[in-house]
Amino acid sequence: MRGVFVTGTDTGVGKTVLAAALVAALRADGVDVAAFKPAVTGLDEPDGDRPADHELLAAAAARPVDEVAPHRFGPAVSPHLAAELAGTALDPAALVAHVRGLRADVVIAEGVGGLLVPLTLGYTVRDLAVDLDWPVVVAARPGLGTINHSLLTVEAARAAGLDVRAVVLTPWPAQPSVMHRSNADAIAQLGRVEVATLGEVGTGIDQLARAGATLPYAGWL
């Protein structure tokens, strides 16, 4: 089983769209692909007509939502707190076992928020990425502030021995400004990392697949 771990510089930076685009593109190529997200929070506060993270990933992979996201919570809080409020706790070993038990040739795993978000108070998203031992791709905003956020995330990943394959700036504008292009160049040079871009993407599976096909994902697996 091969995989990619998609993380982000923050919450709401496009991780799910990036992960779903990768899943849809791989599936369109005939790859047996699964998706995984250890926990989803914030279901009490839906984002308009946009599907929830686990729903979009499940649709892209054509897999059951319970397989994609085994833990789903209402409050828009950190997963460790969401689990506590629900009277439960996430089990790190069970999360890893769930992924290892997926029947697929490739798994696209998406984290929750950034790398240092706690799944429990003793186990972070970064710890899960280390246990899965797959290359990491970082979703980041293209605008002001992204240089610092991206480099901090790359540094945090590498400090744990993770292999960061790329930073993906999204949603990349149709007409990028001088700042946008400079941000991409600075992240690539200072972080010694590949920088890719992903434009605004709808939630249709065909749209996701076409967007994902523009990314150099073969080198990330």
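The values are calculated or read from the model by the stated rules, or taken from the named source; none is laboratory data. What you see is a predicted model; the values in this text were computed from it and never measured. Cβ placement follows ideal geometry from the backbone for every residue including glycine, while neighbour counts extend to all protein chains displayed. Ligands, DNA and RNA are stripped out before the accessible areas are found, and what is left, the full protein with its side chains, is counted by its heavy atoms. Shrake-Rupley method; radii C 1.70, N 1.55, O 1.52, S 1.80 Å.
Let me confirm something: among Leu90, Leu26, Leu22, Leu57, which residue is in contact with a Ser or Thr (Cβ under 8 Å, 6 or more places away or on another chain), assigned to a helix (DSSP H, G or I), buried (at least 20 other Cβ atoms within 10 Å of the Cβ) and on the phi < 0 side of the Ramachandran plot?
It is Leu57.
Scan Asp10, Asp44 and give me the residue that is over 12 Å from the mean Cα position of the chain (by Cα) and not in a helix (DSSP H, G or I).
Answer to the check: Asp44.
Going by the conditions given, is Arg2 basic (Lys, Arg) and closer than 22 Å to Val168 by Cβ?
Answer is yes for this residue.
Working only within the stretch 167-205, note down all residues that are free of Cβ contacts under 8 Å to residues at least 40 places away in the same chain and in a helix (DSSP H, G or I).
If the condition is that a residue be free of Cβ contacts under 8 Å to residues at least 40 places away in the same chain and in a helix (DSSP H, G or I), then Val178, Met179, His180, Arg181, Ser182, Asp185, Ala186, Ala188, Gln189 are the ones that fit.
Looking only at residues in the stretch 60-85 that are outside any loop (DSSP other than H, G, I, E, B) and among the β-branched types (Val, Ile, Thr), which one is least open to solvent (accessible area, probe 1.4 Å)?
Checking each candidate, the answer is Val68.
Mind counting the residues in the stretch 119-161 that are open to solvent by 10 Å² or more (accessible area, probe 1.4 Å), among the aliphatic types (A, V, I, L, M) and touching a residue at least 24 places away in the same chain (Cβ under 8 Å)?
Counting residues in the stretch 119-161 that are open to solvent by 10 Å² or more (accessible area, probe 1.4 Å), among the aliphatic types (A, V, I, L, M) and touching a residue at least 24 places away in the same chain (Cβ under 8 Å) gives 8.
Among the residues of the stretch 162-173, are any aliphatic (A, V, I, L, M), modelled with pLDDT of 95 or more and open to solvent by 30 Å² or more (accessible area, probe 1.4 Å)?
no
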